[in-house]
């Protein structure tokens, strides 16, 4: 589904990604772990098409298409979803209206039927219930005045409604208490399926107790320095990242 | 009760990267001015400059009664002693009042356009191009239009039909001929000729405008509207509108404005007076889209306007709704004098400044009557290098026991080179009035746009969705036809809010 080859990216003059190689097939869950500043969020943002980062080398193909040539909205319409580390507030637009617009844009692009306000509300309520979200959040402007946990949950709610093919979760666990973490993980697990892939970017292992990954990769200094299965995450929890960073430098 | 306060917000945050949003915001706000064409008609103009002869010339062109000429001359003489106001937060080079043409009219083919057949077809085509068809078959249903072209009214539709109800809707010049009693009684009763520099100038040289009179107990069955078009070069437009709603009557009045694109600035100094008697209601809506100047800030209209309504009677109500997207400079404070007990004043405003446009706009709510109420909702949008100022005054006089005001004043900044400023003045002279003021400033930057794009919404749609959401509180106050035009003007689709 996603094939990344030698991906390098800069922010201004600063090299952040120094050659990433990664293949993600449908049905798989990949965790990308790593210390602060290793480039985890940059990778997530580059895949989503953030233009503050300049791709200086490499290729990314998504479902056989050149991902890097696609605009951010095209990527989204083709099924890529990024759960933001810092979801932004959008004044004046209700959460519900925003999401319906997004869903119908994606549906239109994919040749699916657009939902009217009533059908959409039924769908939204069902997903909200599953995520234990307060309905009052729906009529408030997007993320405005939401607590940190509410914002993260709102990202997962949007994901649940949009049903992406490739979901990238950027530090979705940060700022969540243990109950919220479980609810969010349940939301992600509900989306797992043979036709979807999920990339979980996280600093801590704890989220991976609830979302069991098929593969774990360690990103350090802009490269993937080690890959393994879920046990690698436990090893990292135990030993920290330092031993890998030394390995990368050698 | 809030203490008087003054505050200013400058919405500029350094370090904000403006890549994608820059282009999206740019595309959104850079739409071409569609009404910038010029109509080539034979003109009759006054010589440049202003003196007593100019005033006499205008008055005689319109064959005005003596009292009106005297009134104009009093205003002119006072004006020569006055100075331009300097307190507003806008900047422009000095205006040479002797280099303006104060009267320009298309040459009448016959004696004066008594009916549409005699109006120059070029002018009819002009209005049609502006979306205001004047001829019988194509008229906008439910809207009576008075079309003002430079200094004269060229046509008024549905006059006879309205006449059956006793409603007078005609050009100001015509009213001066046919209803001098009403003019003499009400002209200057809300905005006296001595009011302010621009209002005084207008009182001396006003050319045309609309006059509406709604008799006792009549609910005007259609929207009344005036469409103002500046066409001639180097002219000023000085129209005067007077609306009188007798006891228990109701009228909704709309006003639209456009002008050709020109490199030089043109002055527009209008005066609007509204009078609402006992239990009467006037709803006044404006879509102001005068030529705003080009992207470098060259040219454009100086829109210096005095608008004021008097809720003279008990339970009377005046609502101002304005969408201000045009003009190089807007200086305008549609206000309400709430004289009657239980009277209501409302002000809903969207002001957009883009490129180098400047707006200093707001309202005054003067509470005199007991239990009078007012609501102010102001939405300022700044883009490019635009500077947007809200200036509002709420005054609760001693006798206005139990009066209430609610003000909400929101600013939206698109990009990082524009500014928003808020100057609310509150003055409360009794202990039972309530005044509430809320203000907010938000900014649309690259982060918001990227977030929307990541959800599949294009930058253009994202910006228009956000802008539309920001304005919907005001748009819903507009009559339907105008709401559509307003949204189009802001480049926004009609679907803007939930449910």
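Per-residue mean of foreign Cβ neighbours for A:83-90 is 4 (Cβ atoms of other chains, 10 Å radius).
Shielding of peptide A:44-57 by partners, expressed as the average count of other chain Cβ atoms within 10 Å per residue Cβ, is 2.
For peptide B:463-471, compute the average count of partner chain beta-carbon atoms within 10 Å of each residue's beta-carbon.
3
Descending by average beta-carbon neighbour count within 10 Å, the peptides A:74-84, A:234-244 line up as A:74-84, A:234-244, the highest first.
Based on other C-beta atoms within 10 Å, arrange B:164, A:28, A:134 from fewest to most.
Values: B:164 7, A:28 18, A:134 10.
Least to most surrounded, the residues fall as B:164, A:134, A:28.
Mean separation of Cα pairs under 8 Å and 6 or more residues apart, divided by the residue count, gives region A:170-219 a relative contact order of 52 percent. If R₀ is 25 angstrom, what is the calculated FRET efficiency for the pair residue B:196 and residue B:125, using the beta carbon separation as r and rounding to 0.05? That gives a FRET efficiency of 0.10.
For chain A, the longest principal axis of the Cα atoms and the long axis of helix A:148-162 meet at an angle of about 80 degrees.
Beta bridges assigned by DSSP with both partners in region A:2-249 are antiparallel in approximately 55 percent of cases. When both bridge partners sit in the protein assembly as shown, DSSP labels roughly 20% of those beta bridges antiparallel.
Placing R0 at 45 angstrom, the Cβ-Cβ distance between residue B:82 and residue A:86 gives a FRET efficiency of 0.25 after rounding to 0.05. The distance between label points at residue B:60 and residue A:116 comes to 6.8 nm (points 7 Å beyond Cα on the Cα→Cβ vector).
Axis angle, to the nearest 10 degrees, between helix A:117-130 and the longest C-alpha principal axis of chain A: 50 degrees. Helix A:95-109 and the longest principal axis of the Cα set of chain A meet at an angle near 80°.
Throughout, read-outs are computed from the coordinates displayed, never taken from laboratory work. These numbers come from a predicted model, not from an experiment. Cβ: placed from backbone, ideal geometry, glycine included. Neighbour counts: every protein chain shown.
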